[in-house]
Amino acid sequence: MKNLYDVQQLLKKFNILVYVGKRKWDIELMALELDNLHKAGVISNKNYMTAKLILNHEHEIEVAKESGQCKD
């Protein structure tokens, strides 16, 4: 797992498709769904931690974009 798309594919394996309409909100909802999968014990700790790191990183990028600190 290396990027947001990979996290989406992990969630898709559990029939979880996330699209709220704003990328930041999508990332936040994916993080909640990931937490629920982990609490249910259906994903490994390694996958959980990797996915959480990816989501946190992507969320930071979106926050930076909103505040004008990022050029992308």
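Which fully enclosed helices (runs of 4 or more DSSP H) of the chain have 1 or more residues being among the hydroxyl-bearing types (Ser, Thr, Tyr) and at pLDDT 95 or above?
Once the helices (runs of 4 or more DSSP H) in the chain are filtered for at least 1 residues that are among the hydroxyl-bearing types (Ser, Thr, Tyr) and at pLDDT 95 or above, what remains is 4-12, 45-67.
Please go through the stretch 47-72 and pick out each residue that is over 24 Å from Phe14 (Cβ atoms) and touching a residue at least 40 places away in the same chain (Cβ under 8 Å).
Glu66, the sole residue that qualifies.
So the check is Cβ under 9 Å with 6+ separation or different chains; which pairs have a first residue in the stretch 30-46 that's free of Cβ contacts under 8 Å to residues at least 12 places away in the same chain and over 11 Å from Leu11 (Cβ atoms) and a second one that's assigned to a helix (DSSP H, G or I) and charged (D, E, K, R)?
Correct list of pairs: Asp35/Lys52; His38/Lys52.
The values are calculated or read from the model by the stated rules, or taken from the named source; none is laboratory data. Nothing here was measured: the structure is a model prediction, and the numbers come from that model. Backbone-built Cβ (ideal geometry, glycine too); neighbour counts: all protein chains shown.
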